[in-house]
Amino acid sequence: MRKAAVLAVVLGCLCVFGFAQEKKAAAAKGKPAAKKPMHVIMSEAEIKWGDAPKSLPAGANMAVLQGDPGKAGMYTIRLKAPDGYKVAAHWHPAAEHLTVISGTFNLGTGDKLDETKTTAMAAGAFGSMPAKMHHFAWCKGETEVQVSGMGPFKLIYVNPADDPTKMKK
C-alpha cells in the first residue's frame, strides 16, 4: 500500500513538472501564455454607460461588464432602455441569456414584433434563447437588463428593413 502511495506522489510530481516544462517551452518559443480568467467585481457606481451599438434602435444605453462583445469569448453587458423601447424580430448566432434588473422587459418569439404575443418579465426574471431563435422585445417603464453570451455578439434582423444601420436618416 505504501509503495502505491509513493508511486502516486512521484507520478503527480512528474505530471506537474512536465506541465511546467511545456509551459516554459511554449513561452521560450514566443507563444503567448494562456489568459487567466479575470475576477470582476463592480459596484453600480463603477458601471460605465454609453450609447448602445447602432445595431439597436436609438435611445438605449449599454455598459460592458465583462469581456468584449465584439470578440470571441464570454461577455456580459447591461442594456438600459426607455419606456416603450422596441427591438424588432431578430436572432443571434449564439445563445443569449438575460436577467431583468429593473422595469418590465416583454419578450416574444416569432418573425414579427407583436406586443400581444410577449411574456412580461419583471425585475429578477431570467430568459434564455438558443442560437438562431427569432425573438423580439419591448419595454414597459425604464428597463434595465443584463445579457450574457459567447461573442462575438451579432444581431441579425428577420426583416432587413428593421435594421437601424440600414435605415435612411
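The values are calculated or read from the model by the stated rules, or taken from the named source; none is laboratory data. Quick caveat: nothing in here was measured; it's all calculated off a predicted structure. Don't worry about glycine lacking a Cβ; one is built from the backbone with ideal geometry, like all the others, and counts go over all protein chains shown. SASA here: full protein model, heavy atoms, side chains in, ligands and nucleic acids out. Shrake-Rupley method; radii C 1.70, N 1.55, O 1.52, S 1.80 Å.
Miscellaneous remarks
- Residue that is farthest from residue 68 (Cα to Cα), among those in the stretch 150-169 that are open to solvent by less than 50 Å² (accessible area, probe 1.4 Å) and not aromatic (Phe, Trp, Tyr): 158
- Scan of the stretch 54-68 for residues that are in contact with a strand residue (DSSP E or B) (Cβ under 9 Å, 6 or more places away or on another chain), part of a loop (DSSP other than H, G, I, E, B) and touching a residue at least 40 places away in the same chain (Cβ under 8 Å), ordered by number: 55, 56, 57, 58, 67, 68
- From the options 126, 136, 105, residue that is under 19 Å from the mean Cα position of the chain (by Cα), free of Cβ contacts under 8 Å to residues at least 60 places away in the same chain and farther than 21 Å from residue 53 by Cβ: 126
- Subset of the stretch 78-91 that is open to solvent by 50 Å² or more (accessible area, probe 1.4 Å) and not acidic (Asp, Glu) - its residue that is farthest from residue 62 (Cα to Cα): 91
- Condition check for residue 100: assigned to a strand (DSSP E or B), open to solvent by less than 40 Å² (accessible area, probe 1.4 Å), under 20 Å from residue 44 (Cβ atoms) and in contact with a Phe, Trp or Tyr (Cβ under 9 Å, 6 or more places away or on another chain): yes
- In this structure, residue 147 qualifies as touching a Leu at 6+ places or on another chain (Cβ under 9 Å), in contact (Cβ under 8 Å) with a residue 12 or more places away in the chain, open to solvent by less than 30 Å² (accessible area, probe 1.4 Å) and part of a strand (DSSP E or B).
- With respect to (1) in contact with a Lys or Arg (Cβ under 9 Å, 6 or more places away or on another chain); (2) within 13 Å of residue 104 (Cα to Cα), the lone exception for residue 118 is condition (1).
Condition check ((1) open to solvent by 30 Å² or more (accessible area, probe 1.4 Å); (2) of a type outside the set (D, E, K, R)) across all residues:
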{"position": "93", "(1), (2)": "yes, yes"}
{"position": "107", "(1), (2)": "no, yes"}
{"position": "115", "(1), (2)": "yes, no"}
{"position": "119", "(1), (2)": "yes, yes"}
{"position": "123", "(1), (2)": "yes, yes"}
{"position": "128", "(1), (2)": "yes, yes"}
{"position": "132", "(1), (2)": "yes, no"}
